[in-house]
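**Q** For reference, the structure I am asking about is given below.
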Amino acid sequence: MDNFAYGSVARYLQLDRKKCCFPVNLAAHVCGQSYNHSEVGAAISWDDALQSGMRRFQHKFYNLFTCNCHLFVANCLNKIAYKGSVEWNVLNVAALVWFHGQWVDKMSVVRSFLPFLTVTCIGILMAGWSFLIGMAAFSALLIGWFIFTVYCFKGFVC
């Protein structure tokens, strides 16, 4: 544990156990989606969800855009039907952590934004404001591709 491919955790979200569904049998579902939850593979505890996710992802090749820690977390959230949903994906997880998460500490904020600000400042100094236009266009293409692959190639990339 704690040996992440892209560095240590910077933001986290403490999950509310009351918003999880841990059925011991098919009749014990509290999420309202018993059939879909069973199809995804319902977990009976936090540990069960994590171990099931680890078994699924232990031999997968991780990369920045498709098969990453966000997909692992989405898989675990689907197993526990967090907030009554079994439709979690990397975009939902990223939005959940971005809008509701907390920074680990002040240094996490610096570690997260300093590289971006450094590259942006150097780019503006070397290429002028056209660098920002190029960076914005490239970022828009990457984000568009990312959204397209998440929703159109669901389950195909990892």
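Please treat every number below as a calculation from the coordinates, not as lab data. Bear in mind that the values here come from a model prediction, so they are computed numbers and not experimental data. Here the Cβ is made from the backbone with ideal geometry for all residues, glycine too, and neighbour counts use every protein chain on show.
**Q** Between TYR6 and ILE44, how high is the FRET efficiency from 1/(1 + (r/R0)^6) when r is the Cβ-Cβ distance and R₀ = 35 Å? Nearest 0.05.
**A** My answer for the efficiency is 0.70.
**Q** If I model a spin label at LYS106 and MET54 as a point 7 Å from the Cα along the Cα→Cβ vector, what separation in nanometres do I get?
**A** 3.6 nm
**Q** Hey, for a label at LEU141 modelled as a point 7 Å past Cα toward Cβ, could you say which residues of segment 62-88 have their backbone N under 17 Å away?
**A** So the set is 65.
**Q** Using a cut-off of 15 Å between beta-carbons, work out the net charge of the residues near ALA74 (Lys and Arg +1, Asp and Glu -1, ALA74 not included).
**A** Residues near ALA74 contribute +4 overall.
**Q** For LYS154, which lysines qualify as cross-link partners when the Cα separation must be under 28 Å and same-chain residues fewer than eight apart are set aside?
**A** Counting by Cα, and skipping residues close in sequence, LYS154 has these lysines nearby: LYS19, LYS60, LYS79, LYS83.
**Q** Here's another thing I want to ask about it. Can you give me the distance in nm between label points at VAL97 and PHE113, each placed 7 Å from the Cα along the Cα-to-Cβ direction?
**A** Computed distance between label sites VAL97 and PHE113 equals 1.8 nm.
**Q** Moving on. Assuming 0.36 nm per residue, please report the length gained on full extension of the stretch CYS152 to CYS69 beyond their Cα-Cα distance.
**A** Fully extending the segment from CYS152 to CYS69 adds 27.9 nm.
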